[in-house]
Amino acid sequence: MCTDDQHQEKLTLLQQIKNRLDTRNNIDDTPLVSTVRPLVIDFKDRKHLFIWSANAITFSLEDLGQIAITANTWTNISFQQGMRLVPASQTTPVSVFVRATDETIP
């Protein structure tokens with residue numbers, strides 16, 4: 001039999017193990033995008049996908065329309081897996097920062 005203190009200690013250790021297993025690292029990527037190099041949506045087994053760019057870019061979302069990416073702001077791009085986002089007028093490749101995460105970014 002365990003004492004109450006031993007039981008509480010075991011529960012605390014189990015909770016710490018659970019917290020470590022639940023926490024997964026973000027996956028970051030810096031692809032180059034242009035009118036001939038679209039960004040392909042890939043969640044990398046995470047819940048959300050965000051993009052950040054130093055430049056304002058407008059992406060065409062296949063048949064859905066367009067999305068404007070504001071410079072220096074995180075933008076949620078959690079669209080359908082495999083969807084291609086093509087920059088509307090970016091002829092030269094520009095680097096963007098894409099983060100796949102289980103968290104939300106404010």
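Tabulated data for the structure shown
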| item | result |
| --- | --- |
| Max mean-square fluctuation residue, GNM over the chain, Cα-Cα springs under 10 Å, options 45, 28, 63 | 63 |
| The chain: relative contact order in percent, alpha carbon pairs under 8 Å with at least 6 residues between | 38 |
| Hypothetical label at residue 76: residues of the stretch 42-58 whose amide nitrogen lies under 13 Å (7 Å Cα-Cβ projection) | 47-51 |
| Charge dipole magnitude, Cβ of K and R +1, D and E -1 - the chain, Cα centre, debye nearest 20 | 260 |
| Segment residue 43-residue 83, extension gain: residue separation times 0.36 nm, minus the distance between their alpha carbons | 13.3 nm |
| Nearest-ten-degree value, helix 4-22 long axis tilted from longest Cα axis of the chain | 10 |
| Added length on full extension, which subtracts the Cα-Cα distance from 0.36 nm per residue, residue 62 to residue 35 | 8.5 nm |
| Ratio of Rg to Rh over the stretch 25-101 (Cα coordinates, Kirkwood Rh, two decimals) | 0.92 |
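Taken together, the values in this text are just the output of simple stated rules run on the coordinates, not laboratory data. Computed from a predicted structure; not experimentally measured. Glycine gets a Cβ as well: all are built from the backbone with ideal geometry, and neighbour counts include every protein chain shown.
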